[in-house]
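**Student:** So that we are looking at the same thing, I have put the structure below in structure tokens.
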Amino acid sequence: MTYIPISPRERDAMLETIGVKSLDDLFEDVPAKHRFPKLDLPPALTEMEVLDELSGLAQANENVHSDLISFLGAGAYNHYIPSVVDHMLRRGEFYTAYTPYQPEISQGTLQAIFEYQSLMCALTGMEVSNASHYDGATAAAEAVNLAFAQFRGKRRKVVVSPTVHPQYRAVIRTYTQGMDLELAGDDPNADLESSPENLQSLVSEDTCLVIVQYPDFFGRIYDYTKLIEAAHAKGALVCVVANPTALAMFKTPGAMGADIVVGDGQPLGIPLWYGGPSVGFFTTRKQYVHKMAGRLVGETMDSKGQRSYVLTLTAREQHIKRERATSNICTNQGLIALGTAVYLSLLGKKGLRQVAELCYQKAHYAAAQLSKIEGMGLCFSEPFFHEFALCLNRPVEEVNAHLLEHGILGGYNLGQDYPALKNHMLIAVTEMNTKEDIDALVEALSEVSHD
Amino acid sequence: MINAPEQTKVKIVEPTIFDLSSPGRTGVTMPASDVPETALPPEELLRPDLPLPELAEVDVVRHYMHLSSFNYSVDSGFYPLGSCTMKYNPKINEDTCRLPGFLYTHPLQPIETVQGNLALMYQLQEWLKEISGFAGVTLQPAAGAHGEFTGVLIMRAYHKSRGDHKRVKMLIPDSAHGTNPASSGMMGLQVVQIPSDSRGNVDLKALEAACDDTVVGMMLTNPNTLGLFDENIEKVIELVHNCGGLMYGDGANLNALLGIVRPGDLGFDVMHFNLHKTFSVPHGGGGPGSGPVGVAAHLVDFLPEPLVGIIEEGEDDMPPLYGFVKPAKTIGRMKAFHGHFGGGMVRAFTYIAMHGPDGLRDISQYAVLNANYLQARLRGTYKIPYDRICMHEFVAEGRFEGSDVRALDIAKRLMDYNFHPPTNYFPLIVHEALMIEPTETENKDTLDAFADALIKIAEEAKTNPEVVKSAPHTTKFGRMDEVKAARELVLCCWLPENYSDQ
């Protein structure tokens, strides 16, 4: 199969125009001994054959749509995606365009990103949003870059709550390894029951940023207002890593005084897709906009007096500032950001709140039922959204293996990240889980408990 | 809050989604709760309102359809944006990446339940290794720049692991993409710019002078952003290696090299791929991309964690068990989960599977044929500052003696002829650069029409420069006031002030 639309006759005419005899003659600058290697790859498949092969691979998975009932979350959530979202994402006008460098013929992408920015500001309670990051974890790492740059590298400590997603903390460690920065609080052995205010003791005059998660990795809801005030008193900025669905219901980080709000937009109409691509949102206060990484779309007017949109403040970015840029980000998650905008437009203020409340109600029903099982119980007593830590009386692997036999994808094994939470499972419940699903989980777990 | 500027008589072509909102509309009806009710948490933990727009499904569809009609795209026409490889994106990719088994799998599922995904990832790692000549590949990086950052972290970790702590300099040619110095800058490295010689190659004398025991390595795009394969590539790599540095290949221009030469064979130590350029993953109006990184044997232990590996070998009719493995001296994790599986890996896998070794070589041969053909057609009308056989792209100057028409004007005028403009003002070493990359998926008629348009514009620049300088004339939107955008900084919109739920 080929997508090359040039006939042999046309090829020969083109070679003649160029003034060479064969295609091979175009490659004489390539060292002869390495030129035209024989690649050991399988022979080409036709479209019919490739679809067959890929279908086979896809069917070798057990999916949470038709094979398994899922109670797995931990940063990626199984939500309902209205049909319209993918129909819009499959428009070639959107998905086969490049980054909108030529605004006259890219207003579709530009206005859509502008609206995405607006929707993210409304959701997080913040003033400006960029056009997206790769995912929630890299957005959190970019928050460190912003804060570090804001203090011109003079404050060299970042306080990270141990209840931030373990993979997010890992990415922050990766990103900062060349920065001569101290990461405090990033300790899986810390007291996980202590209130977030206790992080205050780690915040000093040398701290540029404090990072907390909302709801935290265990699903707990805290009002971070006091912590943020305390951090501000030391001159530090605060970044809240937020779940966007929860923001439909709970007090916004903006209202708590956060300086930066980041998170993963996957819950907003993006399929699980085995973890990617999703989209990292990044919102902040207007005063930090010049230090913020990523693309930014601003409103303007064209030569015909029409409201229109352009990429703006580009002087912050790598193609202008090169080694002095705050970030190297170039390609971001444009199409996925568009998907979340379509999703938010469809659900709107009532629909998104409804999804959040369904998650809340079902998760609380599940938690109440599960905690009745002898030998099991909720690990924490704080208010939670749609995820909670369940204490089991045997290893999580064993329990999950049993659940899988019943067609249930169990929760995340917390012991792999937190030694103190051995035999603890993080259970996520969304609007996709019916009462029947939850009752099946309760029944299967009761069996295990009594085995 | 950001104040909206005074809006006098501004024409609205398409209202924003917030403008279109009307109280009480909704686009989706969710099922009622089927569980006993739990009280909501205390009021002070809740938000008082959610200022999102309210629209019916049809309103949402029409809005985004209107917006889509404002875009130029590969599906609608020729998009010769240099260094971006805007090739046709096969439609079958859109179907394979949405197969339910891929779409609905959770990244943290037990490996036994996602063997299809893992087999695909393992195979893709192996194929990319074979195509590039590297010993190891990570699929985790989300985009090209993310891959660069990964590569630079690996280079730094390699030197550190050898107790070699004085290496702080990254050598980068003056023709490089901005992401190269930015990726190095993120690591606090000093960037040393290496000039190009008169034939567009790395200036060997300058390189030799910069090579010492403080060099981390060199980041080189080859073919470079002039579209030229460095005629001294082996010497360049030798100089960098001789001073203990590592050679980074920016794979942005790999579309010229498939089945032509493997960067690993040339001596590159590390390179990122752009699955969204070379391997037909669509650009999505600015992502998502996918930027896997390949490394030579001595760097395999530093790759990000986790990689996909074989946990248990297969037997006769039993396939192997695939799972995750952690490289011994890993730099860590680059993002949450496993990379752009659905959007990047499945599409690239589909594309490679449908091409095979001969098809891949055809891609690069025809990409290079098309670029040379266009260059030949334009030579004589436009100055080609580094004029020799090019690879998959070339750079012309968008200026003419005795005319004040600039590259930007030519770019805008091309829109009137229904073409997307080439990249302009890059690379920085060419005055008024027009960087043209046709890709292999364009036919001769399209290339001829594009060359004819550019030749016509060159003529207009002499006979009627105003028509070029005030272009575009036929597009829905005219030139933008970019100063106004930066000065007023209107970066978001809200529901109208008098909006109420009544």
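Computed from the coordinates by the stated procedures, all read-outs in this text should not be read as laboratory data. What you see is a predicted model, and the numbers here were worked out from it, not measured in a lab. Quick reminder, even Gly has a Cβ in these numbers, built from the backbone with ideal geometry, and neighbours come from all protein chains shown.
**Student:** Compute the projected area of the convex hull of the Cα atoms of the range A:256-390, averaged over all viewing directions, and report it in nm² to one decimal place.
**Tutor:** Answer in nm², one decimal: 12.8.
**Student:** Give me, ordered by chain and number, the residues 5 or more places off B:PHE324 or on other chains with an amide H under 5 Å from its own placed amide H.
**Tutor:** When sequence neighbours closer than 5 places are left aside, the close amide H contacts are B:GLY309.
**Student:** A further question follows. DSSP loop (so not H, G, I, E, B), at most 13 other Cβ within 10 Å: list which trypsin sites (Lys or Arg not before Pro) in the range A:1-103 pass both filters.
**Tutor:** A:LYS21, A:LYS38, A:ARG90
**Student:** Need one value for B:417-424: mean number of C-beta atoms belonging to other chains within 10 Å of its residues' C-beta atoms.
**Tutor:** Per-residue shielding by partner chains comes out at 2.
**Student:** Could you name the lysines in cross-link range of B:LYS235, using Cα to Cα under 23 Å and dropping any fewer than eight places away on the same chain?
**Tutor:** Within reach: A:LYS33, B:LYS169, B:LYS205.
**Student:** What percent does the relative contact order of chain B come to when contacts are Cα pairs within less than 8 Å and at least six residues apart?
**Tutor:** 19
**Student:** Using alpha carbon centroids, what distance separates the range A:257-290 and the range B:19-77, in Å?
**Tutor:** 18
**Student:** Given a Förster distance of 35 angstrom, what is the FRET efficiency for A:GLU47 paired with B:ALA449, based on the Cβ-Cβ distance and rounded to 0.05?
**Tutor:** My answer for the efficiency is 0.75.
**Student:** When DSSP beta bridges are limited to those with both residues in the protein assembly as shown, what percentage is antiparallel, rounded to the nearest 5?
**Tutor:** Around 55 percent antiparallel, to the nearest 5.
**Student:** Just to be sure I understand the model, the point goes 7 Å from the Cα along the line to the Cβ. What's the resulting B:SER161 to A:HIS406 distance in nm?
**Tutor:** 4.5
**Student:** Let me ask you something else. Per-residue ellipticity at 222 nm for chain B, helices alone: DSSP H runs ≥ 4 residues times -39500 (n - 2.57), over residue total, nearest 500 deg cm²/dmol?
**Tutor:** Rounded to the nearest 500, the figure is -10000 deg cm²/dmol.
**Student:** While we're here: So what is the 222 nm mean residue ellipticity for chain A from helices alone, if each DSSP H run of at least 4 adds -39500 (n - 2.57) and you divide by all residues, rounding to the nearest 500 deg cm²/dmol?
**Tutor:** For chain A, the value works out to -11000 deg cm²/dmol.
**Student:** Here's another thing I want to ask about it. Put a dot 7 Å past each Cα toward the Cβ at B:HIS473 and A:ASP439; how far apart are the dots in nm?
**Tutor:** My value for the distance between the label points is 7.3 nm.
**Student:** Could you run the Karplus curve 6.51 cos²θ - 1.76 cosθ + 1.60 with θ = phi - 60° over the range B:55-64 and give me ³J(HN,Hα) per residue in whole Hz, x for Gly and Pro?
**Tutor:** With coefficients 6.51, -1.76 and 1.60, one gets 9, 7, 4, 5, 5, 5, 4, 5, 4, 6 Hz.
**Student:** Could you run the Karplus curve 6.51 cos²θ - 1.76 cosθ + 1.60 with θ = phi - 60° over the range B:205-215 and give me ³J(HN,Hα) per residue in whole Hz, x for Gly and Pro?
**Tutor:** Values per residue, Gly and Pro as x: 5, 5, 5, 4, 5, 8, 7, 8, 7, 9, 8 Hz.
**Student:** Among A:HIS133, A:ALA184, A:LEU209, which residue has its Cα positioned farthest towards the positive end of the charge dipole of the range A:75-230, with +1 placed on the Cβ of Lys and Arg, -1 on the Cβ of Asp and Glu, and the dipole taken about the Cα centre?
**Tutor:** Final value for the positive-end residue is A:HIS133.
**Student:** How compact and how long is the range A:84-343, expressed as Rg and Dmax of its alpha-carbon atoms in Å?
**Tutor:** That works out to 18.1, 62 Å for Rg and Dmax.
**Student:** Could you tell me the largest-minus-smallest coordinate of the C-alpha atoms of the range B:93-355 on each of the three principal axes, in descending order and whole angstroms?
**Tutor:** 57, 38, 34
**Student:** Tally Lys/Arg at +1 and Asp/Glu at -1 over every other residue whose Cβ is under 15 Å from the Cβ of A:LEU378; what's the total?
**Tutor:** So the surrounding residues net to -3.
**Student:** Would you please put B:364-374, A:349-359, B:45-55 in order of how densely packed they are, using the mean number of other Cβ atoms within 10 angstrom per residue and starting with the highest?
**Tutor:** Ranking, from highest mean packing down: B:364-374, A:349-359, B:45-55.
**Student:** A further question follows. Quick one: which residues, 5+ away or cross-chain, put their amide H under 5 Å from the amide H of B:ARG47? H built at 1.01 Å from N.
**Tutor:** A:PHE250, A:LYS251
**Student:** Sort A:373-382, B:169-178 by the packing proxy (mean of other Cβ within 10 Å over each peptide's residues), most packed first.
**Tutor:** Most protected by this proxy first, the peptides run B:169-178, A:373-382.
**Student:** So, one more: When a/c is below 1.5 the answer is rounded, else prolate if a/b is larger than b/c, else oblate, so apply that to the range B:299-367 with a ≥ b ≥ c taken from the square roots of the Cα gyration tensor eigenvalues.
**Tutor:** Oblate, because a/c is 1.5 or more while a/b does not exceed b/c.
**Student:** Considering only chain A, what is the antiparallel percent among its DSSP beta bridges, to the nearest 5?
**Tutor:** Taking every DSSP beta bridge with both residues in chain A, the antiparallel ones total about 55 percent.
**Student:** Only four residue types carry charge here, +1 at the Cβ of Lys and Arg and -1 at the Cβ of Asp and Glu. Report the dipole size of the range B:93-355 about the Cα centre in Debye, rounded to the nearest 20.
**Tutor:** Computed charge dipole of the range B:93-355: roughly 840 debye.
**Student:** Pull up the DSSP beta bridges for the range A:84-343 and report the antiparallel fraction as a percent, rounded to 5.
**Tutor:** Close to 45 percent.
**Student:** Fewest to most neighbouring Cβ within 10 Å: what's the order for A:MET425, A:MET14?
**Tutor:** In increasing order of surrounding Cβ atoms, one gets A:MET14, A:MET425.
**Student:** Okay, moving on. Find how much the distance from B:ILE311 to B:ASP95 grows on full extension, using 0.36 nm per residue of separation minus their present alpha carbon separation; answer in nm with one decimal.
**Tutor:** Additional length available on full extension: 74.7 nm.
**Student:** So if I take the centroid of the Cα atoms in the range B:450-467 and the same for the range A:49-87, what is the distance between those two points in Å?
**Tutor:** 52
**Student:** So what are the ³J(HN,Hα) numbers for the range B:151-165, from phi and the Karplus equation (6.51, -1.76, 1.60; θ = phi - 60°), rounded to whole Hz, Gly and Pro as x?
**Tutor:** So the Karplus estimates, Gly and Pro as x, are x, 5, 4, 5, 4, 5, 5, 4, 4, 4, 5, 9, x, 9, 9 Hz.
**Student:** Among the lysines, which have Cα under 27 Å from the Cα of A:LYS349 when same-chain residues fewer than 8 positions away are ignored?
**Tutor:** A:LYS251, A:LYS286, A:LYS362, A:LYS435
**Student:** So if I place +1 on the C-beta of Lys and Arg and -1 on the C-beta of Asp and Glu, and nothing else carries charge, what would the dipole magnitude of chain B be about its Cα centre? I want it in debye, nearest 20.
**Tutor:** Dipole about the Cα centre, nearest 20: 1100 debye.
**Student:** Return the average number of partner chain Cβ atoms within 10 angstrom of each residue Cβ along peptide A:133-141.
**Tutor:** For peptide A:133-141, the averaged partner shielding equals 5.
**Student:** Roughly what would the spin-label model give for A:ASN198 and B:ASN418, points 7 Å off Cα along C-beta, in nm?
**Tutor:** With each label placed 7 Å out from Cα toward Cβ, I get 6.9 nm.
**Student:** Projecting each Cα onto the charge dipole of the protein assembly as shown (Lys/Arg +1, Asp/Glu -1 at the beta carbon, about the Cα centre), which of A:LEU23, A:PRO37, A:CYS379 comes out farthest on the positive side?
**Tutor:** My answer, from the dipole projection, is A:LEU23.
**Student:** Can I ask one more? Could you work out the mean projected area of the convex hull around the alpha carbons of chain A, in square nanometres to one decimal?
**Tutor:** Its average projected convex-hull area is 28.0 nm².
**Student:** Another question, if that's okay. Taking the mean number of other Cβ atoms within 10 Å as a proxy for protection, how do you rank B:209-220, A:203-214 from highest to lowest?
**Tutor:** Packing order, densest peptide first, comes out as A:203-214, B:209-220.
**Student:** Sticking with this one: Put +1 on the Cβ of each Lys and Arg and -1 on the Cβ of each Asp and Glu in the range B:64-167; which of B:ILE111, B:MET65, B:ALA142 then has its Cα farthest toward the positive end of the dipole?
**Tutor:** So the residue we want is B:ALA142.
**Student:** Turning to a different aspect of this structure: What does the charge count near A:LEU392 come to, summing +1 for each Lys or Arg and -1 for each Asp or Glu among other residues with Cβ under 10 Å from its Cβ?
**Tutor:** Here the count lands on +1.
**Student:** Whose amide H sits under 5 Å from the amide H of A:ALA76, counting only residues 5 or more places off or on another chain, with H placed in the peptide plane?
**Tutor:** Here the answer is none, since no amide H 5 or more places off falls under 5 Å of that of A:ALA76.
**Student:** What average count of beta carbons from other chains do you get within 10 Å of the Cβ of residues in A:74-82?
**Tutor:** The mean count of partner-chain Cβ atoms within 10 Å per residue comes to 3.
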